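Step one of this worksheet: look at the structure below.
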Amino acid sequence: QVQLVESGGGLVQPGGSLRLSCAASGFTFSSSAMSWYRQGSGKERELVAVITSGRIRNYADSVKGRFIISRDNGKRTVYLEMNTLKPEDTAVYYCHVPRLDSWGQGTQVTVSS
């Protein structure tokens, strides 16, 4: 059974940083690409970042240069380091396994002063 558990969300001021984590189980993590999506209030869910099993990374234009996706295969965890946060980054952030189309429950990130 695939499980994805996100953590690390919260309230942060503009310009601040957060690191999200997604702990995975129930599938072969090391050979799976992993991605982060987000969905703001009243908006469609959008792809934020993806990392392949070979650690090739791609980012949405809106987060390039500010966010970093990484993975630790030993811990079966994917991370999203978010820097220089903006109010428009406010959203629920979801972990996703593309080849299984499996989703975590999401973690709320709110950027506000």
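Among the residues of the stretch 38-59, what is the count of those that are open to solvent by less than 50 Å² (accessible area, probe 1.4 Å) and either in contact with a Lys or Arg (Cβ under 9 Å, 6 or more places away or on another chain) or over 21 Å from residue 105 (Cα atoms) (or both)?
6
Select from the stretch 52-63 the residues that are in contact (Cβ under 8 Å) with a residue 12 or more places away in the chain, assigned to a strand (DSSP E or B) and either touching a Pro at 6+ places or on another chain (Cβ under 8 Å) or among the hydroxyl-bearing types (Ser, Thr, Tyr) (or both) and list them in ascending order.
Matches in the stretch 52-63: none.
In the stretch 66-102, what residues are hydrophobic (A, V, I, L, M, F, W, C) and buried (at least 16 other Cβ atoms within 10 Å of the Cβ)?
67, 68, 69, 78, 80, 82, 85, 91, 92, 95, 97
Kindly indicate the residue of the stretch 7-23 that is open to solvent by 10 Å² or more (accessible area, probe 1.4 Å) and assigned to a strand (DSSP E or B) and also farthest from residue 89 (Cα to Cα) among those meeting that condition.
For the stretch 7-23, the residue satisfying everything is 23.
Inside the stretch 26-37, can you point out the residues that are open to solvent by 60 Å² or more (accessible area, probe 1.4 Å) and without any contact (Cβ under 8 Å) to a residue 40 or more places away in the chain?
Result: 28, 31.
Select from the stretch 102-113 the residues that are more than 24 Å from residue 2 (Cβ to Cβ), part of a strand (DSSP E or B) and hydroxyl-bearing (Ser, Thr, Tyr) and list them in ascending order.
110
Yes/no matrix, rows are residues, columns are (1) closer than 23 Å to residue 54 by Cα; (2) β-branched (Val, Ile, Thr); (3) not in a strand (DSSP E or B):
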residue	(1), (2), (3)
65	yes, no, yes
71	yes, no, no
78	yes, yes, no
84	no, yes, yes
88	no, no, yes
100	yes, no, yes
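Suppose the filter is closer than 17 Å to residue 21 by Cβ and aliphatic (A, V, I, L, M); does residue 60 pass it?
In short, no.
The values are calculated or read from the model by the stated rules, or taken from the named source; none is laboratory data. Just so you know, these numbers come straight off a predicted model, no measurement behind them. We place every Cβ from the backbone using ideal geometry, glycine too, and count neighbours over all the protein chains shown. The accessibility values were calculated without ligands, DNA or RNA, using every heavy atom of the protein model including side chains. Shrake-Rupley method; radii C 1.70, N 1.55, O 1.52, S 1.80 Å.
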